[in-house]
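Enquirer: Dumping the structure here so I can ask a few things about it.
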Amino acid sequence: MNSVKGTKDIFGKTVLEHDHVIKIFRDICVFYNFKKISTPILEHENIFIKTLGVTSDIISKEMYNFKDQGGDNLVLRPEGTAAIVRALITNSLQEDANKNFYYHGPMFRRERPQSGRLRQFHQVGLEVFGDRNFLDDVRVIILAEKFLSSLNIRNKLKLQINTLGEQKNRKKYITELKKFFKKNYSQLSSESRQKIENNPLRILDSKDENDKKLFSSSPQIMEFLDRESKDFFNEIIKLLSSLDIEFEVNPFLVRGLDYYNHTAFEYIFSESRSQNTVLAGGRYDGLVKSLGGRDLSGIGWAAGIERILMIKDKIDFSQKVVGVFTISDGLKTELIKVFSSLKFNANLSFNLIHGGNFKKKMSKANKLNCYGCLILGEDEWKEKKIIWKNFQTGNQETISINNIDNFLEKT
Ligand code: ATP
Ligand code: MG
C-alpha cells in the first residue's frame with residue numbers, strides 16, 4: 001500500500017530531524033517573546049482566495065479544496081499567514097500587547113512532487129502584527145539569521161531582499177511590465193506567455209533561463225516607487241548592513257502572493273536549482289483589514305522543514321539506550337519499581353526488557369543496540385544493588401540501586 005502521492009510517513013531518524021529543527025525554532029522564538037499559535041488544518045476556502053489572489057499558483061492550481069457534507073467550501077491550508085490573520089480576528093488577539101506569533105505544522109499544495117517539493121510539507125513560521133515600522137522587518141530577519149545559523153546552514157544560503165512598494169506603485173509597474181513582455185513575446189517561455197495578461201509580475205518568478213536573461217533589460221520596481229516606500233526600504237537596507245547581515249538586493253524578487261507589499265525576502269541555496277528557497281517572507285500591511293480586522297500591518301516568514309533537511313549536514317542523534325531487565329521471575333515487581341524510579345536524563349533512553357530467559361533478553365538488548373544493561377539478580381537485590389553491564393567495554397560491576405542515576409551520568 002502506498003501513501004498518497006507527494007506525502008510521506010515521517011519516522012526513525014527523519015522524525016528526530018524534524019523535531020530538532022522545530023526545537024531550535026521554538027527556542028529562538030521564545031527567546032524573542034513570540035507566542036505559539038496553532039490553527040486548524042481545515043479552513044474556509046475564502047480566507048485564501050480573498051488574500052492570496054486568484055492568479056497565484058496556490059489558488060489557480062495548488063489548493064486542495066472540497067465541499068464537505070454540510071456544503072461548506074473547505075480547504076487543507078496551503079500556507080500559514082492568512083490562517084493566522086483569520087485566527088487573530090476570530091479570537092480578538094488584535095488587542096493583545098504582544099502580537100508576535102510563531103507556528104509550525106503541515107501545509108498542503110497539489111504540486112508536482114520532487115525532492116524538496118511535496119504535497120504535504122511542513123513549515124515553521126512567524127508573524128509580527130502592529131504599526132508599520134522598519135525595525136520589525138529587521139527584527140524578523142534577525143530571527144531568521146539566528147535560526148539558520150543555529151542549524152549551521154546560514155553559510156550555504158544567500159539572503160535576497162526587495163521591495164514591492166505600495167499597491168498603487170505596483171499597479172503602474174505591472175502596466176509597464178506587461179508592455180515590456182508583449183514587446184518581447186517571442187523570447188518568453190510558453191509558461192510565462194500565459195501569465196502576461198493575468199499575472200505579469202509572476203513571470204519574474206520564472207525559473208526558465210531564457211526568461212531570466214530577458215529580465216535584465218526589463219523595467220524594475222524601484223523606478224515606480226514613491227518617496228516613502230523608497231525611504232522605508234533604504235532604512236532596512238542600512239540597518240541590515242550596520243548589523244553585518246549579508247544580503248543582496250534582487251530587483252526581480254516578487255514573491256507569489258497578492259497580499260505582499262513593501263519588503264520581500266528569501267534565503268536561497270547558493271547554487272541554482274528549482275527548489276532553492278528555504279525560507280521566505282515579507283510584509284503584508286492591509287491583510288488584517290482585508291479579512292475584516294483592524295488596520296494592522298504585518299510581517300513574517302516561513303521556512304520549509306524538508307528544504308532545510310535537504311541541505312543540512314547529517315545530525316548525529318545517537319541516543320544511548322540502556323536495557324533494564326531481571327534474571328529472576330520473582331523480582332518482576334522490584335524491577336518495575338527500579339524502572340519507575342529512574343530519573344529523566346536527556347542523553348539516555350531506558351528500555352524495559354521482558355520475556356524469555358537470560359540469553360533471549362541479552363539478545364534483545366543487542367538488537368536494540370543497547371549501550372549497556374541494568375540487570376537485577378536475587379543476590380544483588382538482597383543488598384539493594386543491581387548489575388551494570390557495559391556493552392561497549394564488556395565490563396560488569398555491581399552498583400547501588402540508590403546510585404544508578406549518578407552512576408549512569410558519569411558513564
Ligand atoms: P517555491 O518557489 O519553491 O514554490 P513558494 O514561494 O511557493 O516556494 P512559500 O509559499 O513562500 O513557497 O513557502 C515558504 C517555504 O515553504 C518555501 O520557501 C519552502 O521552503 C517551503 N515550501 C513551499 N512549498 C513547498 C512544497 N511543495 N514542498 C516542500 N516545501 C515547500
Ligand atoms: Mg510554490
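The values are calculated or read from the model by the stated rules, or taken from the named source; none is laboratory data. A quick note: this is a predicted structure, and the numbers were derived from the prediction, not measured. As a convention, Cβ positions derive from the backbone with ideal geometry for all residues, glycine included, and neighbour counts pool all protein chains shown. Each accessible area value is taken on the protein alone, full model and side chains, heavy atoms only, with ligands, DNA and RNA left out. Shrake-Rupley method; radii C 1.70, N 1.55, O 1.52, S 1.80 Å.
Enquirer: Under 17 Å from a point 7 Å along the Cα-to-Cβ line of ALA97: which residues of the stretch 31-64 have their amide N that close?
Expert: 32-35
Enquirer: Right, something else. Under the definition of Cα pairs under 8 Å and six or more residues apart, what whole-number percent is the relative contact order of the chain?
Expert: Values: 662 pairs, mean separation 62.8, N = 411.
This gives 15 percent for the chain.
Enquirer: How many angstrom separate the Cα center of the stretch 237-276 from the Cα center of the stretch 300-344?
Expert: Between the Cα centre of the stretch 237-276 and that of the stretch 300-344, the gap is 39 Å.
Enquirer: Can you tell me the FRET efficiency between ASP329 and GLN275 if r is taken as the Cβ-Cβ distance and R0 is 51 Å, rounded to the nearest 0.05? Before the final figure, lay out each step's value.
Expert: On the way: r = 57 Å, r/R0 = 1.11.
Efficiency at R0 = 51 Å is approximately 0.35.
Enquirer: Would you mind pulling out the separation of the Cα centroids of the stretch 352-411 and the stretch 186-215, in Å?
Expert: 66
Enquirer: What is the set of long-range amide H partners of HIS122 at a cut-off below 5 Å, with H atoms built 1.01 Å from backbone N?
Expert: MET107, ILE305, GLU306
Enquirer: By accessible area of protein heavy atoms, probe 1.4 Å, what ranking do LEU243, LEU352 get, highest first? All intermediate terms of the calculation are to be shown ahead of the outcome.
Expert: Numbers: LEU243 85, LEU352 50 Å².
Accessible-area ranking of LEU243, LEU352, largest first: LEU243, LEU352.
Enquirer: For the stretch 163-242, report the accessible area per residue in Å² (1.4 Å probe, heavy atoms, rounded to an integer).
Expert: 57
Enquirer: Along the stretch 395-402, what does the Karplus equation 6.51 cos²θ - 1.76 cosθ + 1.60 (θ = phi - 60°) give for ³J(HN,Hα), rounded to whole Hz, x for Gly and Pro?
Expert: Taking θ as phi minus 60°, the curve returns 6, 9, 8, 10, 10, 6, 4, 5 Hz for the stretch 395-402.
Enquirer: Taking H as built 1.01 Å from N, whose amide H comes closer than 5 Å to the amide H of GLU79, not counting residues under 5 places away?
Expert: Those lying under 5 Å, H to H, from GLU79 are PHE108.
Enquirer: Moving on to the next point. Ignoring ligands, DNA and RNA, please state the percent of accessible area on the stretch 320-409 from carbon and sulfur, probe 1.4 Å. Don't skip to the end; give the middle numbers.
Expert: On the way: 2580 of 5470 Å².
Using a 1.4 Å probe with all protein chains present, the stretch 320-409 comes out at 47 percent carbon and sulfur.
Enquirer: Among the listed pairs LYS156/LYS367; LYS99/LYS207; LYS61/LYS171; LYS99/LYS172; LYS183/LYS213; LYS36/LYS230, which have their C-alpha atoms separated by more than 26 angstrom in this model?
Expert: On the way: LYS156/LYS367 38 Å; LYS99/LYS207 36 Å; LYS61/LYS171 24 Å; LYS99/LYS172 33 Å; LYS183/LYS213 15 Å; LYS36/LYS230 33 Å.
Long pairs (Cα-Cα over 26 Å): LYS156/LYS367; LYS99/LYS207; LYS99/LYS172; LYS36/LYS230.
Enquirer: Next up: What does the accessible area per residue of the stretch 1-157 come to in Å², with a 1.4 Å probe and no ligands, DNA or RNA counted? Walk me through the intermediate numbers first.
Expert: On the way: 7830 Å² over 157 residues.
Spelled out: the 1.4 Å probe surface of the stretch 1-157, per residue, equals 50 Å².
Enquirer: Where only protein heavy atoms count, and the probe is 1.4 Å, what is the accessible area per residue for the stretch 320-409 in Å²? Kindly include the intermediate steps, with their values, before the conclusion.
Expert: Working: 5470 Å² over 90 residues.
Counting only protein heavy atoms, the per-residue value for the stretch 320-409 is 61 Å².
Enquirer: How big is the dipole moment of the chain about its Cα centre under a simple scheme where the beta carbon of each Lys and Arg is +1, that of each Asp and Glu is -1, and everything else is neutral? Debye, nearest 20, please. Don't skip to the end; give the middle numbers.
Expert: On the way: 63 positive and 52 negative charges, 201 e Å.
For the chain, the charge dipole is close to 960 debye.
Enquirer: Also, I was wondering about something else. Can you compute the modelled spin-label distance between GLN69 and GLN220, with each label point 7 Å from Cα toward Cβ, in nm?
Expert: Between GLN69 and GLN220, the label points sit 5.8 nm apart.
Enquirer: With unit charges on the beta carbons (Lys and Arg positive, Asp and Glu negative) and the dipole taken about the Cα centre of the chain, which residue among ILE161, PHE350, ASN2 sits farthest to the positive side?
Expert: My answer, from the dipole projection, is ASN2.
Enquirer: I've got another one for you. What's the longest bit of the chain with no exposed GluC sites (Glu not before Pro), using DSSP loop states and at most 10 other Cβ atoms within 10 Å as the test?
Expert: Values: sites that count: GLU271, GLU383.
The longest such stretch corresponds to 1-270.
Enquirer: List the residue ranges in the chain for DSSP H helices whose C-alpha atoms run 18 angstrom or more along the long axis and whose Kyte-Doolittle average is -1.0 or above.
Expert: Working: long enough: 12-31 (29 Å, 0.39); 134-150 (24 Å, 0.92); 167-183 (24 Å, -1.79); 227-242 (22 Å, -0.41).
What comes out of the filter, once short or polar helices are dropped, is 12-31, 134-150, 227-242.
Enquirer: Calculate one ³J(HN,Hα) per residue across the stretch 212-226 by plugging θ = phi - 60° into the Karplus curve 6.51 cos²θ - 1.76 cosθ + 1.60, and present them in order as whole Hz with x for glycine and proline.
Expert: Listing the rounded values in order: 4, 4, 5, 4, 4, 9, 7, x, 10, 4, 3, 5, 10, 7, 7 Hz.
Enquirer: Suppose a student asked you for the relative contact order of the stretch 323-411, using Cα pairs under 8 Å spaced at least 6 residues apart; what percent would you report? Write down the numbers at each step before the final one.
Expert: On the way: 110 pairs, mean separation 25.1, N = 89.
The value is 28 percent.
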